[in-house]
Structure formats: C-alpha cells, structure tokens
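Everything on this sheet refers to the single structure shown next.
The values are calculated or read from the model by the stated rules, or taken from the named source; none is laboratory data. What you are looking at is a predicted structure, and each value in this text was computed from that prediction instead of being measured. For neighbour counting, all protein chains shown are included, and Cβ atoms are generated from backbone atoms with ideal geometry for every residue, glycine included.
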Amino acid sequence: MYYVALIHKEPDSDYGIMFPDFPGCISAGSSIDEAVRHGAEALAGHVDLMRGDGDPIPSPRSLEDIRALNEDWIEWDGAVAVAVPLLPATGRTIRLNITLDKRLVAEIDAVATNRSAFLADAARKALNGAIAA
C-alpha cells in the first residue's frame, strides 16, 4: 500500500516530507532519497500509533483526488509528489544463523558497533530503495 507524500526544499534546509492523508505526519532528510526513507519510517510509526489508539486508517488517495479537494493546509508550491510505501509494523526480533564472506564481516565490524543493527539497517535501506524504484 502506497500513500502520496509531498517533498519540499527550502534554501538552507533539509528536504521536508509530509503526507496529505495523515495531517501532522512529517519527516525530513538531507536528500530526497533520505527524506523518502525517513518518511516511510514516520508513516509506519504514525499508523502504528493510530492503530494503538483505535483510530481508523484512511485509505490511500490518489494525487488527483488530493488536489481536487483543494485543502488549504496542503502546500503545493514547489512540492514534488512521491509514492511512499506503508511499511509493515515492526515485529519481534528473531535469532538467525547466516553465512557471510569473512572479509565482508570484517568490513562490517570495522564500521559498526552492533553487527545485527547494521545488517537490519542495510536491509531496510535496500528494501525501501527496491520498493520506491
């Protein structure tokens, strides 16, 4: 499931991202790609909180439907529209046994203090990129 997001860039600032279907759900990033990744995480967290509160989750609207309503709080000037996936809720962690090249493990250990967190973050980035592409 994808939701429309609008990305804005002001001089001397990061790229901001907001979701017309979720007023108040915002994020930012130093690049458009990072803003989309952070936006996907913010959207997932926002929806998790809504579910926890028992609030209904709106169905995704098309860009055309959002524009047609002409909601005055949505800033269209200079906005770039992107489709952002609603990521699944985070679940319990599980222990896995994986096989990696010894040199790759050494390279990971040279830059990461937590190998599992590093690999999980790399997987999330790769999956978001694959979904957004």
Among strands (runs of 3 or more DSSP E) completely within segment 1-81, the ones holding 1 or more residues that are in contact (Cβ under 8 Å) with a residue 24 or more places away in the chain are 2-9, 15-18
**Message:** Based on this model, can you work out whether VAL84 counts as within 14 Å of PHE22 (Cα to Cα), surrounded by 12 or more Cβ atoms within 10 Å (Cβ to Cβ) and touching a Cys at 6+ places or on another chain (Cβ under 9 Å)?
**Reply:** no
Apart from one, (1) over 14 Å from LEU87 (Cα atoms); (2) more than 13 Å from the chain's Cα centre (by Cα) all hold for GLY29; the odd one out is (2)
### Query
Going by the structure shown, is ALA120 more than 28 Å from MET1 (Cα to Cα), modelled with pLDDT under 90, surrounded by 11 or more Cβ atoms within 10 Å (Cβ to Cβ) and not assigned by TED's automatic domain parsing to the domain that holds VAL4?
no
Filtering segment 59-82 down to residues that are more than 17 Å from the chain's Cα centre (by Cα) and either within 17 Å of MET1 (Cβ to Cβ) or β-branched (Val, Ile, Thr) (or both) yields SER59, ARG61, SER62, LEU63, ASP65, ILE66, ILE74
Q.
Among the residues of segment 63-80, are any polar (S, T, N, Q), in the same structural domain as MET1 (by TED's automatic domain parsing), farther than 20 Å from LEU127 by Cα and modelled with pLDDT of 90 or more?
A. no
